[in-house]
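Trainee: Handing you a structure now.
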C-alpha cells in the first residue's frame, strides 16, 4: 500500500512578509522536519505567530517561498492550529469536538468525542455551552477539537498562556501524547520552562528573523548568539 502523502518537511526559503512599511518577517530560511516537537521562542513581536500562519498555509509570503513535502502548495488538510484565543462555536463543548469529525458514523463520533474530552479533562463539561467555559477550558477544548482531525502537524500558539498550573500540566501531557503518536508539534511559546519540557529543538526568533536554531539542550545550556543568551538571561531584547 502506498504511504499517504506528507506535507513534511515544511521548508522556508528566504521568506519575508511585509505589511505596508512594516517588515513582519525578514528573509526566514528554516525547515520543520518530522519528529519530536519544535519550539519557536522569542519576545513579543518576533514573528512567531506569523511564521505559524505561513507554515499552516493561512498566509502567503510577500517574497521567498514555502514548500510542503517538496510541493509548492498544500490544502492544509493535514494541519491543525490552536491559537492563543480560540474561537468557540455556538454549541456545546461536545458538539464543538464532534464538528471536527464529520466523516465518522454517529456512534463512533460520540465515542471519539468522549475520549478527546476525557483526554483534556473536560468530560464533565461535555454539554455545557462552549462559550460559557472559562478561558482555560476553552483552550483545552480547542486542543481536543484540533486533535480530532488526527493532524500530521499540530501548530500551537502560546497554548497555555492563560492557564493555571494544573491546566497547563494537562495540556502539556496531551501534547506529549500527541507527539508520541507521531504528530509533529510546532509550539510558539514565551514559557522557557515549557520549551525545555516539551521541545527537542528550538528556533529563536527576534525582529522577524530566525537568529538561532539548534537542539533544545544545547540551546538552553550554551546559546550561540548574544541575543539568545540575553533572552534566556531575562534581559530586554528588542
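Trainee: Need at least 1 residues that are within 30 Å of residue 212 (Cα to Cα) and at pLDDT 95 or above per element, so show me which helices (runs of 4 or more DSSP H) inside segment 43-136 make the cut, counting only ones lying wholly within it.
Mentor: 48-55
Trainee: All but one of (1) crowded, with 16+ Cβ neighbours inside 10 Å; (2) touching a residue at least 12 places away in the same chain (Cβ under 8 Å) hold for residue 109; which doesn't?
Mentor: Failing condition for residue 109: (2).
Trainee: Only one residue in 72, 102 is closer than 30 Å to residue 204 by Cα, free of Cβ contacts under 8 Å to residues at least 12 places away in the same chain and surrounded by fewer than 16 Cβ atoms within 10 Å (Cβ to Cβ). Which one?
Mentor: Result: 72 is the single residue among 72, 102 that is closer than 30 Å to residue 204 by Cα, free of Cβ contacts under 8 Å to residues at least 12 places away in the same chain and surrounded by fewer than 16 Cβ atoms within 10 Å (Cβ to Cβ).
Trainee: Still on this structure, I have one more. Starting from segment 159-184, take each residue that is on the phi > 0 side of the Ramachandran plot and modelled with pLDDT of 90 or more and list its partners that are part of a loop (DSSP other than H, G, I, E, B) and buried (at least 19 other Cβ atoms within 10 Å of the Cβ), counting only C-beta distances under 9 angstrom and pairs at least six apart or across chains.
Mentor: 182/152
Trainee: I would also like to ask the following. Within the bounds of segment 82-95, is there any residue that is buried (at least 17 other Cβ atoms within 10 Å of the Cβ), touching a strand residue (DSSP E or B) at 6+ places or on another chain (Cβ under 6 Å) and within 18 Å of residue 152 (Cβ to Cβ)?
Mentor: Within segment 82-95, one or more residues are buried (at least 17 other Cβ atoms within 10 Å of the Cβ), touching a strand residue (DSSP E or B) at 6+ places or on another chain (Cβ under 6 Å) and within 18 Å of residue 152 (Cβ to Cβ).
Trainee: Moving on. With the condition kept exactly as written, say whether any residue in segment 16-31 is in contact with a helix residue (DSSP H, G or I) (Cβ under 7 Å, 6 or more places away or on another chain), under 22 Å from residue 190 (Cβ atoms), modelled with pLDDT of 95 or more and in a loop (DSSP other than H, G, I, E, B).
Mentor: No - not one qualifying residue is present in segment 16-31.
Trainee: Restricting the search to segment 208-226, which residues are modelled with pLDDT of 95 or more and closer than 16 Å to residue 48 by Cα?
Mentor: Within segment 208-226, 208, 209, 210, 212, 213 qualify.
Trainee: Tell me yes or no: at least one residue of segment 145-156 is farther than 19 Å from residue 182 by Cα and surrounded by 14 or more Cβ atoms within 10 Å (Cβ to Cβ).
Mentor: The answer is no; no qualifying residue exists.
Trainee: What is the residue count in segment 113-125 for residues that are buried (at least 18 other Cβ atoms within 10 Å of the Cβ) and more than 16 Å from residue 168 (Cα to Cα)?
Mentor: Total meeting the criteria: 3.
The values are calculated or read from the model by the stated rules, or taken from the named source; none is laboratory data. Bear in mind the structure is a predicted one, so any value in this text is a computation, not a measurement. Neighbour counts are summed over all protein chains in view; Cβ atoms, including those assigned to glycine, are modelled from backbone coordinates with ideal geometry.
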